[in-house]
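The values are calculated or read from the model by the stated rules, or taken from the named source; none is laboratory data. Quick caveat: nothing in here was measured; it's all calculated off a predicted structure. Reconstructed Cβ throughout: ideal geometry from the backbone, glycine too, with neighbour counts over all protein chains shown. Ligands, DNA and RNA are excluded from the accessible area calculation, which covers all protein heavy atoms including side chains. Shrake-Rupley method; radii C 1.70, N 1.55, O 1.52, S 1.80 Å.
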Amino acid sequence: MQAELISKEGTQEYFVNMGPQHPSTHGVLRLLLTLDGEIIRKVEPHIGYVHRSIEKMAEFDTYKQIVHLTDRLDYLSAHMNNEAVALLVENALQIEVSDRVKVIRTIMNELTRLGSHQLWWGVIGMDMGAITTFLYAFRDRELINDIMEETTGARLTMNYNTPGGLMFDLHHNFQKQVKDYLKFFKTKLPEYDQLLSGNVIFTERTKGVGKLSLADAISYGVTGPSGRASGFSCDVRKTQPYSAYDRVKFNEILMVEGDSFARYQSRVNEMWESISIIEQLIDNIPEGPIMAPMKAVVKLPKGEFYQRVETARGEFGVYVVSDGNKTPYRVKFRSPGFSNLSVLDHISRGHKIADLVAIMSTLDLVIPDIDR
Amino acid sequence: MENEKLRQLISSWEPSVELIDGPQYLEVVVPSAQFRALAEKLRFDNQTQFDYMFNMTCVDWNDHFQTIYHLESTKLNHALVLKAKIADHNQPEVDTICDIWRTAELHEREVFDLFGVKFNQHPDLRRLLLTDEWVGHPLRKDYVDEVNMVLR
Amino acid sequence: MNAIYDFSILTAWIHQWLSGLMEPTAVMITEMVIIGTILILFVAAMGLVLVLAERKVAAFFQLRLGPNRVGPWGILQTLADFLKLLTKELITTKSADKFLYNLAPFIVMITPFLALGVIPFAPGLQIMDLNIGVFFITAVSSMGVLGILIGGWASNNKYSLIGGMRSAAMVVSYELSVTLAIMTMVILTGTLSMSEIVNSQADGWWIIKGHIPALIAFIIYLIASTAETNRGPFDLAEAESELTAGFHTEYGGIKFAFFFLSEFVNMLIVSSIATVIFFGGWMPFHLPFEWATGFNHIMDFIPGIVWGFGKVTFIIFLMMWFRWTFPRLRIDQILNLEWKYLLPMNLINFLLMSLIALTGFYL
Amino acid sequence: MNSIIKYLKGISQGLNTLWSGMKVTGYYFFNARKEIITVQYPDNKDTLKIPERFRGRVIMVHDQNNEHACNGCTMCEMACPNGSIKVITDKVLDPNTGKSVRIIDQHVYYFSMCTLCNLCVQACPSDALAMDGSYENAVFNREELTFVLNLPGSKIRDNVKD
């Protein structure tokens, strides 16, 4: 064992346990690092510390009940996860929801995405040592949470979507508040650039770090902003538009560099796109029922269904095998974080410990999403 | 490529497959023995080029297992569901594909952990989510845990 | 000038009073004890004040209120924290090198005491006016890293070890820049004595009358000394997001407090050195022009101790501003910054300054 | 020479980006008085505004006569994903009609298992349940999280249909 660890240069490799409790793993992720000095030779993720067997639990729940479990996967994209289940049931039963529902869902999605990216921005700053960004990001995100709270009744685990429509109608303040918020946030977003994107220390630390090629991104299934930073056109909103994404104009942010800075930049640019999507929709929310007529007990036809949506971290998929009962036979949640984590070892080899923190931050891992 | 063409192509490659038109995707069920060869063809053949595996899981059908692979081609924009039918319910085994689609490495470990399906030639087949000393495979239909599971 | 605020009158009076009471040897011992007590109290008080200041400043940068529960505006917060740390159990980890593990905090703490000895804060407020004060300070201040290295190694923790090694690599490089930046100014002043450097700035601070090289030297000194005190953006040795707490991961209670306090006292020391060398110590702000005599006279009425500590506060604030704005650098980038940017610039600057000093071309 | 210019340019650009970051934090520092966003929680309780839809805890709505609208149909119990609702019903004879009717004895709510998903409130046909805006729900003992939602002595309102 000892002999194996001694490398060609005569240095001895050693192990460091990063996590399960570590400031930069953002949750209970444990990385077993094999280090040569400060250089990373191997990263081995050990996960499952917050495994709650959500897939098994879903096998005993009705389709309406499954929705609230998805809140607890990627809690920062709770709304989008909810929508995946709702869309799956609607598509399987061929229920057409009203335009109002579609538009509201889209606006909510983008607000959630904004909030998620803001949190990520604060956290990446903190991981890099600029703790102040964390507080600035929370200032902005808190206001989104307030808007959410007023309409959905919860700040994080919203459970606002339900198969066939929405839980509540919009709060009467919603439109005004969102517009006020966008006006406010547009003045704050350039500060993000001044504090981090333009900062020479930050760019030095992220450029060229953790390069992920396009072929590897596809092979590892790295989706979301992380995948698009490598040029992988994987935005489900574009490739398979759902809800109201087919009626808004927005750009899919694609980069070619594939390094940590590209991943950073793609998220910051995505915030601008989210703002633009909300602005296009907020003034013309059509009237209509918020709930399509549904049977009290939802039973999916026999067969299997797959629904993909674009969450803040990438492609979230729900795979349901139905045997015709009111509970599914098998549910699988394809979580974006799980695939994104699998690439960590590949792209962080040969870098330093500090780079691993940057790579992990730009991959934007949410541990409950990985562990399910 | 159209589903119809895919059907013809795949059945010409591997006559033993069972082709089902699912509600969304074409479903290709192949016996576990022929699975690895077909997967390689689907990935590397110029007509199919399924380079993106966006989901992988497994289903316990009480008498047999099916490992399920959702495949998509980012170049040719077609998708299908590949299923390997593992007839042996007691000692399920199937060839690994984690060298073809790298994302499968963790996914296969997860399936091994939760279903007990053994993936031959997998480089590092260990439990992923559960502790190493866990007994049983929770997502199997015959799994019982009287402490943590309350059946309704 | 400024004689009304001269502390040497006070000290001379105390000395006389003691001499009347006892023998010269006893006087010396008594004075040493008094000075030692004052020094300990001063360091403890400064530590508490600076920790509170850091927390308040950080809070305002981060749109927070900061500590505000213990005492008015939270001014007793750090005292409460200090008492908490005092009452904590002292734990030595099982596999640690016990002797070195317990020694490290003291080494870290002794260094600032030694360095404080030669710094003049106000006229006469200097423990010992060494004629090689600058040399003494540069020699002593590089000893602190020994404590960090020993602590990192003796903890028998890989995170601590990495932190300690990083710190050693950093100090070895940045000590060079600090010393060279100081040397640049020493060439200009022609003396190594701290009080004489201060006195040479009676008609204007070096940062103003020393031309651009002095400014460059100051900037280099500021960057390098921030690195030497292990503060952000150079806080690699503790690098909270990478190494959890770096070299003091395994320390707790009062031993941790020593490490923590020494960071702040070190900050005070490097700011004081910068004040003495670049900003004229306790010297009031003077404009080196004929027409400004009235203005200069008004400035004289502000006590030297206010000037001294005012300037120190300003530099400390600058260092806090850096810390709460910038991301942390990576170890190789830190070394790059030193060897590729600071050192060449420093050498050129040194050359320029020598030329200036040779020609006597300064105000 | 070119490389020297590039070297110096790099330094000045780097310092410039650092300065632009310092401007942002500096602005907030010197305007801290009006920009501070944190609130001092237990002190601001009186002014704290809880949105009316906030989901803090399930309650049963009682009117001023201590009457509720729950007829014990157990729809909420079936809708609950976590089994946090248990409705214990009873049969009594209606003195007016002489028929036996179902009333609730105890509507037990295990708050420790509740995920506040709002499905029970939605499922209730007679709007007997609601979410209230309580937010200080932490207790020291798990048993304290079990509530009986119908108040003691309460009875069903007259006009609630079955």
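For the stretch D:58-156, what % of the accessible area comes from carbon and sulfur atoms, probe 1.4 Å?
The computed percentage sits at 54.
At R0 = 51 Å, how high is the FRET efficiency between D:SER112 and C:LEU83 if r is their beta carbon distance? Nearest 0.05 is fine.
Plugging the Cβ-Cβ distance into 1/(1 + (r/R0)^6) gives 0.85.
Which shape class, rounded, prolate or oblate, goes with the protein assembly as shown when its Cα gyration tensor gives a ≥ b ≥ c as root eigenvalues, a/c under 1.5 marks rounded, and past that a/b bigger than b/c marks prolate?
The shape class here is prolate.
Percent antiparallel among DSSP beta bridges with both residues in chain B, to the nearest 5?
Beta bridges within chain B, antiparallel portion: roughly 70 percent.
Can you tell me which lysines have their Cα less than 18 Å from the Cα of A:LYS183? Leave out same-chain residues fewer than eight positions away.
Once the sequence-local lysines are set aside, nothing remains near A:LYS183.
Let me confirm the definition first: pairs of Lys residues in the stretch B:3-120, 8 or more apart or on different chains, C-alpha distance under 20 Å. How many are there?
8
Return a whole-number percent for the relative contact order of chain B, with Cα pairs under 8 Å and 6 or more residues apart as the contact set.
Contact order relative to length: 18 percent.
So, with +1 on the Cβ of K and R and -1 on the Cβ of D and E, and no other charges, what is the size of the charge dipole of the protein assembly as shown about its Cα centre, to the nearest 20 debye?
Result for the protein assembly as shown is approximately 840 debye, rounded to the nearest 20.
Mind checking which lysines have their Cα closer than 26 Å to the Cα of C:LYS340? Skip sequence neighbours fewer than 8 apart in that chain.
A:LYS207, A:LYS211, A:LYS352, D:LYS6, D:LYS9
Quick one: accessible area per residue over chain C, 1.4 Å probe, rounded to a whole number of Å²?
Result: 43 Å² of accessible area for each residue.
Label points 7 Å out from Cα along the Cβ direction at C:LEU176 and A:GLU287: separation in nm?
With each label placed 7 Å out from Cα toward Cβ, I get 7.7 nm.
At a Förster distance of 41 Å, what's the computed FRET efficiency of D:ASN96 paired with B:GLU18, Cβ-Cβ distance as r, to 0.05?
0.05
Any idea what angle helix A:174-192 forms with the longest principal axis of chain A, computed on alpha-carbon atoms, 0 to 90 degrees, nearest 10?
Helix A:174-192 sits at roughly 20 degrees to that axis.
Enter the angle in degrees (range 0 to 90, nearest 10) between the Cα long axis of helix D:2-30 and the first principal axis of the Cα atoms of chain D, meaning the one along which they spread out most.
The answer is roughly 40 degrees.
Which of the helices in chain C meet the span-like rule: DSSP H, Cα axial reach of 27 Å or more, Kyte-Doolittle mean at least 0.5?
What comes out of the filter, once short or polar helices are dropped, is C:24-61, C:98-116, C:158-189, C:253-278, C:304-323.
Along the charge dipole of the stretch A:264-372, Cβ charges K/R +1 and D/E -1, which of A:VAL331, A:MET294, A:ILE347 sits furthest on the positive end?
After comparing all options, I get A:VAL331.
Do any cysteines in chain D lack another Cys Cβ under 4.7 Å, and if so which?
Isolated Cys, chain D: D:CYS70, D:CYS73, D:CYS80, D:CYS114, D:CYS117, D:CYS124.
Which of the listed residues, B:ASN90, B:CYS58, B:ASN120, is farthest toward the dipole's positive end in the stretch B:54-142, when Lys, Arg count +1 and Asp, Glu count -1 at the beta-carbon?
The one lying farthest along the dipole's positive direction is B:CYS58.
How far apart, in nm, are two points set 7 Å out from the Cα along the Cα-to-Cβ line at D:SER20 and at B:ASP63?
With each label placed 7 Å out from Cα toward Cβ, I get 6.9 nm.
Excluding ligands, DNA and RNA, what is the accessible area buried between chains A and B, summed over both sides, using a 1.4 Å probe, to the nearest 100 Å²?
The A and B chains share an interface burying roughly 3400 Å².
Quick one: accessible area per residue over the stretch B:3-120, 1.4 Å probe, rounded to a whole number of Å²?
Ligands and nucleic acids excluded, the figure is 38 Å² per residue.
Relative to the isolated chain, which residues of the stretch A:100-148 have their accessible area cut by 30 Å² or more in the presence of all protein chains (1.4 Å probe, heavy atoms, no ligands or nucleic acids)?
The answer is A:MET128, A:GLY129, A:ALA130, A:ILE131, A:THR132, A:LEU135, A:TYR136, A:ARG139 - residues whose exposure falls by at least 30 Å² when every protein chain is included.
State the percentage of accessible surface on the stretch C:83-359 attributable to carbon and sulfur atoms; use a 1.4 Å probe and exclude ligands, DNA and RNA.
Carbon-and-sulfur percentage of accessible area, whole number: 75.
If the reach is capped at under 19 angstrom between alpha carbons, list the lysines near A:LYS326, excluding any in the same chain fewer than eight residues apart.
By straight Cα distance, A:LYS326 reaches A:LYS56, A:LYS64, A:LYS295, A:LYS299, A:LYS302, B:LYS141.
Given a 1.4 Å probe and every protein chain left where it sits, what share in percent of the accessible area of the stretch B:3-120 is carbon and sulfur?
Using a 1.4 Å probe with all protein chains present, the stretch B:3-120 comes out at 44 percent carbon and sulfur.
Output the Cα-based Rg and Dmax of chain C in Å, rounding Rg to one decimal and Dmax to a whole number.
Cα only, chain C: 21.4, 70 Å (Rg, Dmax).
Between C:ILE219 and B:ASN77, how many nm apart are label points set 7 Å from Cα along the C-beta direction?
With each label placed 7 Å out from Cα toward Cβ, I get 5.4 nm.
Express in nm, to one decimal, how much length is gained between C:LEU146 and C:GLU196 on full extension, taking 0.36 nm for each residue of separation and deducting their alpha carbon distance.
Full extension of this stretch gives 15.0 nm more.
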